[in-house]
């Protein structure tokens, strides 16, 4: 009988040539069926100029064989940190599945065309909010934010919302992807894929839980 990718993942004799991106897609599809809210939520870790880690939840907005993309304001903490130190780590945790996926690697800014395409797909209200918000900067009160949104809405009128220069996306190009599945008595399953370069060949190892 044909094995699922997950069965191959944890079959120590049948993991050769297994693509971790394909395994991710299998788990991601299951999460979309079982997770009640935001199955595409992930925690993103970056580091400031002192090397102090920072972590926050974001949404995975695009993915392909190149990596995993999310979008943000370049003036935000994560935007500034990732431009200064373009390396990141991420984790997906799906409680409904009792599984998680970790990944880490270098980061690149997506192309203007990719950023434009995703920005255009967003709800108009979210487009205006992205343009009006000075993300991560001090805000005197909520009324100030709402006034900025109202002013920009009036200025744009019925016209299109143009993606602001300060808003774009980052792509994490993983050098490591680790799959974790809950097991009885904490005998969890862990398999880690690593490669030396973003165009390199993946190697895999089972890890102690």
Notebook entry, point to check: Based on what the data block shows, is residue 164 in a loop (DSSP other than H, G, I, E, B) and farther than 23 Å from residue 56 by Cα?
Noted result: no
Next item on the list: Starting from the stretch 113-137, take each residue that is in contact (Cβ under 8 Å) with a residue 24 or more places away in the chain and on the phi > 0 side of the Ramachandran plot and list its partners that are assigned to a helix (DSSP H, G or I) and surrounded by fewer than 18 Cβ atoms within 10 Å (Cβ to Cβ), counting only C-beta distances under 6 angstrom and pairs at least six apart or across chains.
Entry: 136/77
Notebook entry, point to check: Are there any pairs, at least 6 apart or on different chains, whose C-beta atoms fall under 7 Å, with the first in the stretch 195-209 and without any contact (Cβ under 8 Å) to a residue 24 or more places away in the chain and at positive phi and the second surrounded by 10 or more Cβ atoms within 10 Å (Cβ to Cβ) and in a loop (DSSP other than H, G, I, E, B), and if so, which?
Noted result: none
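Taking the stretch 74-88, which residues are surrounded by 20 or more Cβ atoms within 10 Å (Cβ to Cβ) and either closer than 28 Å to residue 19 by Cα or modelled with pLDDT under 95 (or both)?
Result: 82, 88.
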Checklist line | the stretch 5-56, subset touching a residue at least 12 places away in the same chain (Cβ under 8 Å) and exposed (fewer than 10 other Cβ atoms within 10 Å of the Cβ), residue farthest from the chain's Cα centre (by Cα) | finding: 49
Margin query: Considering only residues that are surrounded by fewer than 16 Cβ atoms within 10 Å (Cβ to Cβ) and touching a strand residue (DSSP E or B) at 6+ places or on another chain (Cβ under 8 Å), which ones fall in the stretch 160-188?
Written below: 176, 182, 183
Note to self: Among the numbered criteria (1) in contact (Cβ under 8 Å) with a residue 60 or more places away in the chain; (2) out of contact with any strand residue (DSSP E or B) (no Cβ under 7 Å at 6 or more places or on another chain), which one does residue 191 miss?
What the structure shows: (2)
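The values are calculated or read from the model by the stated rules, or taken from the named source; none is laboratory data. In this text, all values refer to a predicted model and were calculated from it rather than measured experimentally. FYI the Cβ positions are ideal-geometry reconstructions off the backbone, even for glycines, and counts take in every protein chain you see.
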